[in-house]
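The structure under discussion appears below in the form of structure tokens.
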Amino acid sequence: MSVTNLPVAAQKTVLVAGGAGFIGSHLCETLLEAGHRVLCVDNLQTGSEDNLRPLERDSRFRFIEQDICTPLHPKLKVDQIYNLACAASPPAYQADPIHTMMTSVVGTKNLLDHAAAFGASFVQASTSEVYGDPEQHPQREAYLGNVNCTGPRACYDEGKRAAEALCFDFSRLGRADIRVARIFNTYGPRMQPDDGRIVSNFLIQALSGDPITVYGSGEQTRSFCYVSDLVRGLVRLMNVENAPATPVNLGNPEEYKVNEFAQLIAELVGSKPRIVHEPLPQDDPQRRRPDISLAKTVLGWAPEVPLSEGLPPTAEWFAQCLDAKTPRLMQ
Ligand code: NAD
Ligand code: UDP
């Protein structure tokens, strides 16, 4: 890992909740590379210590195995907190839906209290799922969303909506400096091969010569952001001088039908795609594409990595996972 010579005075102690997960581990790595001290808090529900192995060699990195539903140690002094703790794939967050909801509500409240105690800035990893099955397209931050509050995705969507509400209440009450990122579908190395999301499923299936499982007609759309772009956006959001007054969409506005995405994956892997259709999960959003005008204006941020550049290293990661006995290896 390359380390910049950040002056000690500029070094911050940054807590990353969910730091053993896919996006969180890339964020921890980026923060260490920038010269900061990093405290990773994770209960390893969907993350893995394997994601942290190279970071654990760095004396400025510390891993604390803990569920954020339990308050942090009151003496754990921090300057910044990123809250990425929450299972993100639909099968994973639906496996224990009550814990998913508690993670977003009780867990976020605990981290906000901690930020308030230390005057730490706080970035909440929210999600495009707060827009539900959107009636407006593309989705702008002002759109209030169309979420089914009693369906199987509600534990995640409504949990994240409640977490946003908590953040803005802490802000209105003058208790914490908060920033909220609404993250759209993100992909890259260190996604778990078995997490059930579209990128992991399609790549593992194509690489294994298995049929690609398209849910429903495949006419539904998603927009895919490479993980390095996303992490750059999160860091920019944390460090922009004036906290934006609203959540900020972070995602890649290039939109693909699931059918188109299946073709792209098959072409990349060099296989003749055999598509099988499976039932569309309940409440599966039909269209999703971020309007990123706000991120461009307030953060000067836009994604730089197109699918043609982001998919090959991701495929390489999944190929390594398939080669290995244990699926979770560092890239
Ligand atoms: P991930 O499942 O790989 O990472 C989540 C991490 O949080 C895991 O390491 C998990 O063990 C940990 N965690 C879960 N519940 C916890 C709890 N109660 N206490 C402590 N740790 C806990 O998912 P990811 O894709 O890296 O997503 C990271 C964050 O970004 C999540 O909050 C997710 O909602 C958000 N997000 C991700 C995407 C995406 O496409 N990847 C899209 C929108 C939002
Ligand atoms: N999907 C699919 N086949 C799969 C996995 C997902 O067709 O094997 C579809 C899913 O129905 C959704 C889209 O791909 O329309 C994205 O699903 P994912 O689980 O990655 O995330 P979501 O955006 O729904 O949270």
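All of the numbers you see were taken from the coordinates with simple rules; none came from a lab. All values reported here derive from a predicted model rather than from experimental measurement. Ideal geometry is used to build each Cβ from the backbone, glycine not excepted, and the neighbour counts take in all protein chains shown.
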*Those lysines that a straight Cα-Cα span of less than 21 Å connects to K272, excepting residues fewer than 8 apart in one chain*: K257
_Highest average packing first - 127-135, 288-296, 61-69, Cβ atoms within 10 Å_ = 127-135, 288-296, 61-69
_Calculated on alpha-carbon atoms, Rg and Dmax of segment 83-155 in Å_ = 14.0, 40
*Kirkwood Rh, segment 106-233, all Cα pairs: how many Å?*
16.8 Å
*Hull surface divided by four, with the convex hull built on the Cα atoms of segment 125-182: how many nm²?*
4.1 nm²
*What nm value, rounded to one decimal, do you get for the distance between A10 and S217 when each label is placed 7 Å out toward the C-beta?*
5.3 nm
*Sequence ranges 166-174, 229-237, ranked by mean other-Cβ count within 10 angstrom, highest first*: 229-237, 166-174
*Stokes-Einstein diffusion coefficient of segment 217-331, Kirkwood radius over Cα pairs, 10 °C, 1.306 mPa s, in µm²/s*: 96 µm²/s
*Can you give the three extents of the C-alpha atoms in the chain along their principal axes, from longest to shortest, in whole Å?*
55, 43, 37
_14 Å beta-carbon shell around L32, net charge (K/R +1, D/E -1)_ = +2
*Which three lengths, in whole Å and largest first, does segment 204-257 cover when its Cα atoms are put on their principal axes?*
49, 23, 14
